[in-house]
Each structure stands twice: as structure tokens, then as C-alpha cells.
Amino acid sequence: MDLFQLRRELDEIDSAIVLLYKKRLHISRELNARKKRKGLLSPDRVREQELLLHVSEMAGAEYADETQSLFREIFSQSACLN
């Protein structure tokens, strides 16, 4: 695969990531609103830890640290949504 093809493949992946991220943010906003109405704590640190473990396992040893870092940032951004 040449450089152009690799970049094109990354562009396609990036597009998919953005669409999924927007969907996640939309759901996170709704979740935050429901939690606020019910007086629940946000963020749920236990759930975050469970998710970090899950995504680390999915990523495998080679990319576990990077994946955890990415998801910590996603959690942070999601928690700020009103």
C-alpha cells in the first residue's frame, strides 16, 4: 500500500470516528441530563474504571495505554456536556 492509499484509509477511519463520537456526545448529553434530574452523581467513576478495563482488553497490550488515554479524554469531554 502506498502513502496515498494509507492516508486515504486513515481519512475514512477518521470520518467514522467523528460520526461515532458525535453520536456518543449526543447520548452523553442526554444521560447527563437524566442523571441531573435524578440527583445522581456524575461522572460515575466505577463505571469509568470498568470501561477503561474493557477498552484496554479490546485494544490489547500493544495499544492499551493509548486507548485508556483516549477514553479518559472522552470521559472528560462527555462529563462537561449539559
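The values are calculated or read from the model by the stated rules, or taken from the named source; none is laboratory data. Since the structure is predicted, the reported quantities are computational estimates derived from the model, not experimental observations. We place every Cβ from the backbone using ideal geometry, glycine too, and count neighbours over all the protein chains shown. Accessible surface areas use protein heavy atoms only, side chains included; no ligands, DNA or RNA. Shrake-Rupley method; radii C 1.70, N 1.55, O 1.52, S 1.80 Å.
Quick look at the values:
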| item | result |
| --- | --- |
| Accessible area in the full protein assembly, largest first, 1.4 Å probe, for F75, F4 | F4, F75 |
| Calculated FRET value between R45 and K22, using beta carbons and R₀ = 22 Å, to 0.05 | 0.30 |
| ³J(HN,Hα), Karplus 6.51/-1.76/1.60, whole Hz, each residue of region 25-36, x for Gly, Pro | 4, 4, 5, 4, 4, 5, 4, 4, 5, 5, 5, 5 |
| Alpha carbon convex hull of the chain, projected area averaged over orientations, nm² | 6.4 nm² |
| Over the chain, relative contact order from alpha-carbon pairs under 8 Å, at least 6 apart, % | 34 percent |
| The chain - charge dipole about Cα centre, Lys and Arg +1 at Cβ, Asp and Glu -1, debye rounded to 20 | 960 debye |
